[in-house]
Amino acid sequence: MTSRELEAWLERLHEESFGWALSCCSGDRPRAEDVLQSAYVRVIAGRAVYGGRSTFRTWLFGVIRRVAWEHHRRGRSERQRTLRLEHPDVRVVADHRAAPDAVDSSRALGASLARLPERQREVLHLVFYQDMSIAEAAEVMEISVGSARTHYERGKARLRALLAETHERPSTGS
Amino acid sequence: MNDRQRDPELRALFEAQRQDDASRAPSFAEMMARAQAAAATTPATQPNLRTRRRREWAGGLAAAAVIAALIVIPRVRSGDDAFEQAVRSFQSDPALGAWQSPTDGLLNLPGDRLLSTIPTVGTEPQ
């Protein structure tokens, strides 16, 4: 694949890739942009090479996912180091997002997805947002199809419950 | 009905989110220009994470093998050396290689030559 063809593919998949990067970064837009750019660097510099064993999109999503994981790991260790330096006694706790306070469906979906375990969020995003099959999602996530299906079913049930909870709860302002 | 056709209400929610994200997606041209500038400054030979991990593992295993060899080989060699030395000394002088008990001297009794020799007529015993 020539560099021109590579760029054409990246451009064609740009919006989908950004959506996937957003999902991998829990909706953090600046971080998603960094991740996507790093993934592009990796692809055009030849540090991630498409072997043709899967579709280009599946492969590219795998690269984005790996880059996002590396960014997340690096960012987490830096945040923990900063917290320890500023407050030696502070305990690092999980970053739970606030409960959804808006009835806007897109925001409610984003907030509910943020409360799901990572694997469930990923498989739901790939199947519903990216219109992939569960087998393709499993390939991106580097897990077995059976495992992906389990995450998919559990994630769907949990997401429905969270969305129902959001609709039942009265809006708390802001 | 396959996975893509199920759950239309969830699919509609995700579609709304998809359109929202698409409208806010950064420009591809700008991002690609930045990526190309970054790629130009990044060494092409820098290995990716997986390759780096493989090399780290291989390096660790090689170091462990070297340490194990350094511990085990001198022991084996010292045993071999002692054996070879014993063989060499036996070849040069069998008496050096023969084992002798420290209490062998107690078996030497006074006049034991009389018991171990046959007397002959006409000669005095020594």
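Restricting the search to segment A:103-136, which residues are facing another protein chain (nearest Cβ under 9 Å), assigned to a loop (DSSP other than H, G, I, E, B) and of a type in the set (A, V, I, L, M)?
Within segment A:103-136, A:Met132 is the sole residue that qualifies.
For A:Leu10, which of the numbered conditions (1) free of Cβ contacts under 8 Å to residues at least 40 places away in the same chain; (2) buried (at least 19 other Cβ atoms within 10 Å of the Cβ); (3) within 19 Å of the chain's Cα centre (by Cα) fails to hold?
(1)
Give just the number: which of (1) within 22 Å of B:Phe14 (Cβ to Cβ); (2) of a type in the set (A, V, I, L, M); (3) touching a residue at least 40 places away in the same chain (Cβ under 8 Å) does A:Ile44 not satisfy?
Going through the list (1) within 22 Å of B:Phe14 (Cβ to Cβ); (2) of a type in the set (A, V, I, L, M); (3) touching a residue at least 40 places away in the same chain (Cβ under 8 Å), A:Ile44 breaks only (1).
Out of the residues in segment A:137-158 that are within 10 Å of chain B (Cβ to nearest Cβ) and of a type in the set (D, E, K, R), state the one that is nearest to A:Val63 (Cα to Cα).
A:Arg149
Output the qualifying pairs, or none if there are none: Cβ atoms under 7 angstrom, residues six or more apart or on different chains, first residue in segment A:101-127 and within 23 Å of A:Arg149 (Cβ to Cβ) and among the aromatic types (Phe, Trp, Tyr), second residue surrounded by fewer than 17 Cβ atoms within 10 Å (Cβ to Cβ) and modelled with pLDDT under 90.
Once the first residue is within 23 Å of A:Arg149 (Cβ to Cβ) and among the aromatic types (Phe, Trp, Tyr) and sits in segment A:101-127, no partner that is surrounded by fewer than 17 Cβ atoms within 10 Å (Cβ to Cβ) and modelled with pLDDT under 90 comes close enough.
Residue-by-condition table, conditions (1) part of a helix (DSSP H, G or I); (2) of a type in the set (D, E, K, R):
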{"site": "A:Met1", "(1), (2)": "no, no"}
{"site": "A:Arg4", "(1), (2)": "yes, yes"}
{"site": "A:Ala8", "(1), (2)": "yes, no"}
{"site": "A:Glu15", "(1), (2)": "yes, yes"}
{"site": "A:Gly19", "(1), (2)": "yes, no"}
{"site": "A:Ser23", "(1), (2)": "yes, no"}
{"site": "A:Ala39", "(1), (2)": "yes, no"}
{"site": "A:Val43", "(1), (2)": "yes, no"}
{"site": "A:Val49", "(1), (2)": "no, no"}
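When both residues are 6+ apart or on different chains and their Cβ atoms are under 7 Å apart, which pairs have a first residue that lies in segment A:13-26 and is within 9 Å of A:Leu60 (Cβ to Cβ), and a second that is of a type in the set (A, V, I, L, M, F, W, C)?
A:Leu13/A:Leu60; A:Ser17/A:Leu36; A:Ser17/A:Leu60; A:Ser17/A:Ile64; A:Trp20/A:Phe61; A:Trp20/A:Ile64
Could you check how many residues of segment A:4-38 are farther than 26 Å from B:Ala16 by Cα and in contact with a helix residue (DSSP H, G or I) (Cβ under 7 Å, 6 or more places away or on another chain)?
3
Which residue, of A:Leu36, A:Leu60, is within 11 Å of another protein chain (Cβ to nearest Cβ) and modelled with pLDDT of 90 or more?
A:Leu36
Filter segment B:3-32 for residues that are of a type in the set (A, V, I, L, M, F, W, C) and assigned to a helix (DSSP H, G or I) and give the result.
Listed by number, the residues that qualify are B:Leu10, B:Ala12, B:Leu13, B:Phe14, B:Ala16, B:Ala22, B:Phe28, B:Ala29, B:Met31, B:Met32.
The values are calculated or read from the model by the stated rules, or taken from the named source; none is laboratory data. As the structure is a prediction and not an experimental result, all values here were calculated from the model. Note: ideal-geometry Cβ built from the backbone for every residue, glycine included; neighbour counts use all protein chains shown.
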